[in-house]
Amino acid sequence: MDYGKVISQESLSKDIYSLWIKTDMCADAKCGQFVNVYTKNSSKLLPRPISICEIDRDNNALRLVYRVTGENTGTYEFSKLNSGDTIRLLGTLGNGFPLDSKSTMLIGGGIGIPPMLECAKEINGEKIIVLGFRDSDTFLVDEFKKYGKVYIATEDGSMGTGGNVLDAIAEQKLFAERILACGPTPMLRALKAYAAKNNIECFLSLEERMACGIGACLACTCKSKDVDSHTNVNNKRVCSEGPVFNALEVEL
């Protein structure tokens, strides 16, 4: 457990906020990991898991980009934080994405987009970036463009390819040796099938409701191909054994 200090916060688009926090835990942070953020409201006992968007090791800072899910929520409370405020954190948690030099397609959908930014920064090899949004109310696109060619899909067709990320991949005839992806489960399920069909190595960051964040409560299990040594059933704990899995390990 640690207390971080807010460096800055800004609104990126409707209900999407970017929060920079000064914290010593960034020294060992990896892209794909997350932190548990605690509210100051005693009626909300459980922390909110938020993926790491960026890591600034030179300045001991982490960037969290998150969506406010409504009033009277933990994320709404976080959106009111100002520079100098303190915030209680647990982390860094989970595993991260592989970052070796294979050509890589980085795919993010919705609030699964932020954790792909640090991947884009750290991967040195060839990379293609595909981002999926509902409409033209996008975020982080210009920042991704600093690190590679960006392709956009919007469900309403207002920007880029009309449809989803797979539609953009097909339209632009994109290919890489490896896929790294984070986003809603239907998107990840489709990417798993696409990768299997095209013999592409694929790693997926799963989104699940979490409680403890350290693998003790078993609230965030997902179906797995192999039997978990902890539970002796075909489950894996997303918080501790994930959130990043080889697509071949999990059933979606």
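Values computed for the structure shown
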item: Residue in segment 1-41 that is least open to solvent (accessible area, probe 1.4 Å), counting only those that are basic (Lys, Arg), modelled with pLDDT of 90 or more and not in a strand (DSSP E or B); result: 30
item: Considering residues of segment 76-109 that are free of Cβ contacts under 8 Å to residues at least 40 places away in the same chain and under 21 Å from residue 20 (Cβ atoms) only, the residue surrounded by the most Cβ atoms within 10 Å (Cβ to Cβ); result: 77
item: Given (1) touching a residue at least 12 places away in the same chain (Cβ under 8 Å); (2) farther than 21 Å from residue 47 by Cβ, index of the condition residue 112 fails; result: (2)
item: Pick from segment 115-135, criterion acidic (Asp, Glu) and open to solvent by 20 Å² or more (accessible area, probe 1.4 Å), ranking: farthest from residue 172 (Cα to Cα); result: 122
item: Flag if residue 46 is open to solvent by 10 Å² or more (accessible area, probe 1.4 Å), part of a loop (DSSP other than H, G, I, E, B), closer than 19 Å to residue 111 by Cβ and in contact with a Cys (Cβ under 9 Å, 6 or more places away or on another chain); result: yes
item: Residue 19 touching a helix residue (DSSP H, G or I) at 6+ places or on another chain (Cβ under 7 Å), in contact (Cβ under 8 Å) with a residue 24 or more places away in the chain and hydrophobic (A, V, I, L, M, F, W, C); result: yes
item: Test: residue in segment 36-55 that is farther than 18 Å from residue 86 by Cα and charged (D, E, K, R); result: yes
item: Test result for residue 214, surrounded by fewer than 18 Cβ atoms within 10 Å (Cβ to Cβ), at pLDDT below 85 and of a type in the set (A, V, I, L, M); result: yes
item: First in segment 131-158 and within 19 Å of residue 188 (Cβ to Cβ), second anywhere and open to solvent by 70 Å² or more (accessible area, probe 1.4 Å) and among the polar types (S, T, N, Q), Cβ under 6 Å, 6 or more apart; result: 132/164; 151/172; 153/164
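So that you can scan it fast, the table gives a plain yes or no per residue for (1) hydroxyl-bearing (Ser, Thr, Tyr); (2) open to solvent by less than 20 Å² (accessible area, probe 1.4 Å); (3) not in a helix (DSSP H, G or I):
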residue	(1), (2), (3)
137	no, no, yes
151	yes, no, yes
158	yes, no, yes
181	no, yes, yes
188	no, yes, no
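The values are calculated or read from the model by the stated rules, or taken from the named source; none is laboratory data. Predicted model, so just to flag it, every value in this text is computed and none were measured. FYI the Cβ positions are ideal-geometry reconstructions off the backbone, even for glycines, and counts take in every protein chain you see. For accessibility, only protein heavy atoms count, side chains too; no ligands or nucleic acids. Shrake-Rupley method; radii C 1.70, N 1.55, O 1.52, S 1.80 Å.
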